[in-house]
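Asks: The structure under discussion is supplied below as structure tokens; questions concerning it will follow.
The values are calculated or read from the model by the stated rules, or taken from the named source; none is laboratory data. Since this is a predicted model, take the numbers as computed values, not measurements. Here the Cβ is made from the backbone with ideal geometry for all residues, glycine too, and neighbour counts use every protein chain on show. Please note that ligands, DNA and RNA were not included when accessible areas were found on the heavy atoms of the full protein model with its side chains. Shrake-Rupley method; radii C 1.70, N 1.55, O 1.52, S 1.80 Å.
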Amino acid sequence: MYKAQLHIYIVWHPKFKMGQKIANQLYSYYTRNINEALSRGLGIPVFYRTKAYENDLPKKIDLNESERNAVILLVDTHAINNWKEYVKDLQEQVDDSGNGNRLFPVSISTSFRNIGSSVTESNFIRLHEIDTLPKRMEKLKSQLTHELCRMLYGKPRISELTKTKLSDEPVTLFMSHAKKDGVSIAKEIKKIADVDTSMNTFFDTIDIAPGHKFKNELEGNIEATALLAIQTDSYSSREWCRWEVLKAKKGNRPIVVVNAVKEGEERSFPYLGNVPTIRWKTNSNKEILIKKILDFTLYEVLRFIYTYKHLDNLKGLQELTGTKKPKILASPPELLTLLEKATETETKGNIVIYPDPPLTSEELELLIDATNDFEFLTPTFLAAYSAIKS
């Protein structure tokens, strides 16, 4: 049976009128834009729990329907006054269900601690300190996105002293930059990331200890991170920068490009393509811009890891008989990411599964000509292909 990789539940008391707006915005962010019928979005299933189902309480959440569940509890005065037992049961249900599930309490009221139960021992996402809905949503989406990434990666930290499992390992951001003209931008991004987020950042001139081999440190960190490539005028001409991008792509890591080219490049680096890009604007408010870059990067990390796990799940659901083990890609295929498969002696029957929408015929024709008998499928065509082959 198919089992989803992640479900998100949003829980709020029906008398909390802003709850519907918050829920709708989270749905648009993590599933698809409710105002755009053809929007694809991340496609993560989001469910609401607010309307009375039994005894004036919402329907119970079934945590067995998904490998992981994130329950977002909006704690306002109505929930505090009427839902203490419901919240207590909800927390106990999540606690008893295993490591794959998390309850994220969100404080709307200043008296949020009065909700009682073990929820009060948790670290709340504190929205009661923020006045406007747009700023509340900015903080909520930023923190939740990082936590969802940590859940999907599922690598708990271990206390060296007690061997106790701590919260999941945070996302690490590797800042790839040219020393000639990219250091100042990298330092500005690192400063904001270290102060305003719980992400780890890797900055080679700071984070590599004296005496350690430069290449080994870079290689080890790229394999466990998201790569933020700061594309300045000198970036593509630097051997190490090119090596970092190639290493990240071959290692199937999420990549985001910050385009900070001012005058131009003698030769652009072709393998910086096929990834999300955001513009560095020199005349903008740097703090606002950097927070936007960090949120943009976290969103891509979440899309990347969720898509990979989702496609891998779908692959297991279909019986792809007579084929080799399908290759899963979280981004549209390109020649570099197909290099390993394309150089095999026998390539007959290779399948590549990548996310919708399908590539155009022009791109597919180029890939098929270069890779010899590959077949490229998205979820839209996967079931039909499996039925034809079986």
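Asks: Roll a 1.4 Å probe over the protein heavy atoms and report the accessible area of ASP56 in Å², nearest 10.
Replies: 130
Asks: For ASN259 paired with GLU65, estimate the spin-label separation in nm (one decimal), with each label point 7 Å from Cα along the Cα-to-Cβ line.
Replies: The two pseudo-label positions are separated by 4.1 nm.
Asks: Rank LYS292, LYS262, LYS88 by accessible area, highest first, at a 1.4 Å probe radius?
Replies: LYS262, LYS292, LYS88
Asks: If you don't mind, another one. Output ³J(HN,Hα) for the stretch 248-262: one whole-Hz value per residue in order, computed from phi by the Karplus curve 6.51 cos²θ - 1.76 cosθ + 1.60 with θ = phi - 60°, and x for Gly and Pro.
Replies: These are the phi-based 3J(HN,Hα) values: 5, 5, 5, x, 6, 9, x, 10, 10, 9, 9, 7, 10, 5, 9 Hz.
Asks: If you don't mind, another one. Sort TRP243, TRP83 by heavy-atom solvent-accessible area, probe 1.4 angstrom, most to least.
Replies: Values: TRP243 55, TRP83 5 Å².
Descending order: TRP243, TRP83.
Asks: At a probe radius of 1.4 Å, what is the per-residue accessible area of ILE368, in Å² to the nearest 10?
Replies: It works out to around 70 Å².
Asks: Here is a follow-up. Any chance you could get the radius of gyration and Dmax over the Cα atoms of the stretch 53-125, in Å?
Replies: 12.0, 34
Asks: Between SER237 and GLU363, what is the label-point separation in nm under the 7 Å Cα-to-beta-carbon projection?
Replies: Simple spin-label model gives 3.1 nm for this pair.
Asks: Next question, about the same structure. Using only Cα atoms, figure out Rg for the stretch 225-316 and give it as a multiple of 2.2 N^0.38 Å.
Replies: Ratio of Rg to 2.2 N^0.38 Å for the stretch 225-316: 1.20.
Asks: Quick one: which residues, 5 or more positions from GLU67 or on another chain, have an amide H under 5 Å from its amide H? H modelled 1.01 Å from N in the peptide plane, none for Pro or chain starts.
Replies: Under 5 Å from the amide H of GLU67: ALA4, GLN5, LEU6.
Asks: With labels modelled as points extended 7 Å from the Cα through the Cβ direction, what inter-label distance (nm, one decimal) is found for PHE381 paired with ASP95?
Replies: Result for the modelled spin labels: 5.1 nm.
Asks: Using modelled backbone amide H atoms (1.01 Å from N, in-plane), which distant-in-sequence or interchain residues come within less than 5 Å of THR172's amide H?
Replies: Excluding prolines and chain starts, which carry no amide H, the hits are ASN200, ALA226.
Asks: Here is a follow-up. Too long at a 32 Å Cα-Cα cut-off: which of LYS3/LYS135; LYS135/LYS247; LYS291/LYS315; LYS249/LYS286; LYS139/LYS327; LYS60/LYS191?
Replies: Those over the limit are LYS3/LYS135; LYS135/LYS247; LYS291/LYS315; LYS139/LYS327; LYS60/LYS191.
Asks: If you don't mind, there's one more thing I want to ask. Roughly speaking, what is the stretch gain from ASN81 to SER122, that is 0.36 nm per residue apart minus the C-alpha to C-alpha distance, in nm to one decimal?
Replies: 12.8 nm
Asks: Another question, then. Over what distance in Å are the Cα centres of the stretch 1-47 and the stretch 274-304 separated?
Replies: Value for the Cα centre distance between the two parts: 23 Å.
Asks: So who's got an amide H within less than 5 Å of the one on PHE47, skipping anything under 5 residues away but keeping other chains? H placed 1.01 Å off N, in plane.
Replies: Counting only residues 5 or more places away or on other chains, the set is ILE8, TYR9, ILE10.
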